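First up is the structure itself, then whatever we jot down about it.
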Amino acid sequence: MISNLILQDTVNGIRSITKADLCIAELDGKVIATTKDDMPVKKADILNFAESKADTQEIAGCHYFKVYDDYQLEYILVVESDGEDVTVVGKMAAFQIKNLLIAYKEHFDKDNFIKNLLLDNLLLVDIYSRAKKLHIATDVRRVVYILESDGKGDFSSLEEVKNYFSASKTDFITAVDEKSTIIVRELAPGEKTEDLSKTARAIISAVSRDSKDQIRIAYGNIVSEIKEVSRSYKEARMALDVGKIFFEDSDVIAYSQLGIGRLIYQLPIPLCKMFIREIFANKSLDEFDEATIQTIGKFFENNLNVSETSRQLYIHRNTLVYRLDKLQKSTGLDLRVFEDAITFKIALMVVRYMKYMETLDY
């Protein structure tokens, strides 16, 4: 149903134009919006009029009108006026409320359609038939963004995002939970893949201006058919999850840029454990001291360049070589050899993935 606040704004606007006092009542006789607190309206009169066959009726100096939505009675409108145009005012007000009902229902139906579309709850034939009925284009390019906040502040991402896209009639914004907001965005004709990141950053900048929450946004690939929107949503969801594991410092994550992290994320945990046992035997990565971990990270950052790594760590080249030799004796992997370095890098990512999944179990 339409919110009482919207109905109150509506009767106030009509009152300011016509000078007639109005109230709107539900079918049980409860008045939910009025321009005058002491209008001579009785609950019994409302109930009797609702049960009658008349669409308009004068009762105790007030004019009663029925408001329908698709032939279903929704509200009773009461107008108090001494003017000759009271019937015109009542019919115009009833027509305005009816249009509000239609607009609200269409918005609700679109939101419901988009949610079911994202979750693959619709048959292919239903997707196109319902999209046509709701006047939603089926053959335009779209991409799905998922915006998530850590929920530590009072940030309402849904309302903020809706305000940001308020001028757009082709984008859809819906809520998944209290922390996530989904944006199904229609792309402009000249918009390219490389522009998606700019849009994501613009959204973050706009909605986080007055928020203390940490906000992240992920997006899937561009799709050209409405039936493929759910795929872009699944990609965005995976990008958000993988980003939490391997891209902690990034607030914008694209599915197309996940790299090997996307593959690791889809591995079953038993297979990950077996792989780690094969690489490190009975040794745990937690046993490595801080200097070793720092050395490994910096060595990878500098593309296995010994000289540059030692320079950035402010250590002698021989010290770095000693640490790498020590690591080779411990694990059997020489990080100066490309194949061993790749194996070790993947192992580090697998361990990080396993630790993240363990936190979800608690």
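Laid out as a table, the results:
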{"item": "Members of the range 161-199 found to be in a strand (DSSP E or B), under 21 Å from Val223 (Cα atoms) and polar (S, T, N, Q), listed by number", "result": "Thr174, Thr181"}
{"item": "Cross-chain or 6+ apart pairs with Cβ under 8 Å, the range 90-111 first and over 17 Å from Tyr64 (Cβ atoms), then of a type in the set (Ser, Thr, Tyr)", "result": "Leu100/Thr10; Asp111/Thr174"}
{"item": "Residue match in the range 141-160 (condition: at pLDDT 80 or above, within 18 Å of the chain's Cα centre (by Cα), in a loop (DSSP other than H, G, I, E, B) and of a type outside the set (Lys, Arg))", "result": "no"}
{"item": "Count of residues meeting criterion [part of a helix (DSSP H, G or I) and either under 13 Å from the mean Cα position of the chain (by Cα) or surrounded by 18 or more Cβ atoms within 10 Å (Cβ to Cβ) (or both)] in the range 200-240", "result": "16"}
{"item": "Residues of the range 307-337 that turn out to be open to solvent by 90 Å² or more (accessible area, probe 1.4 Å) and under 21 Å from Arg277 (Cα atoms), as a count", "result": "2"}
{"item": "Filter result (more than 20 Å from the chain's Cα centre (by Cα) and either surrounded by fewer than 18 Cβ atoms within 10 Å (Cβ to Cβ) or at positive phi (or both)) within the range 117-129", "result": "Leu123, Leu124, Val125, Asp126, Tyr128, Ser129"}
{"item": "Among the residues listed as Gly29, Gly13, the single one being surrounded by 13 or more Cβ atoms within 10 Å (Cβ to Cβ), farther than 21 Å from Asp69 by Cα and out of contact with any strand residue (DSSP E or B) (no Cβ under 8 Å at 6 or more places or on another chain)", "result": "Gly13"}
{"item": "Residue count for the range 241-280, restricted to those that are out of contact with any strand residue (DSSP E or B) (no Cβ under 9 Å at 6 or more places or on another chain) and either of a type in the set (Phe, Trp, Tyr) or open to solvent by less than 20 Å² (accessible area, probe 1.4 Å) (or both)", "result": "9"}
{"item": "Criterion: modelled with pLDDT under 80 and not charged (D, E, K, R) - qualifying residue of Ser197, Ser211, Ser224", "result": "Ser211"}
{"item": "Count of residues meeting criterion [in a loop (DSSP other than H, G, I, E, B), at pLDDT below 90 and either under 11 Å from Val306 (Cβ atoms) or not aliphatic (A, V, I, L, M) (or both)] in the range 319-338", "result": "1"}
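The values are calculated or read from the model by the stated rules, or taken from the named source; none is laboratory data. Note that the structure is a prediction, hence the values are computed from the model and not measured. No Cβ is skipped: glycine too gets one built from the backbone with ideal geometry, and neighbour counts run over all protein chains shown. Keep in mind that these areas ignore ligands, DNA and RNA; they rest on the heavy atoms of the full protein, side chains included. Shrake-Rupley method; radii C 1.70, N 1.55, O 1.52, S 1.80 Å.
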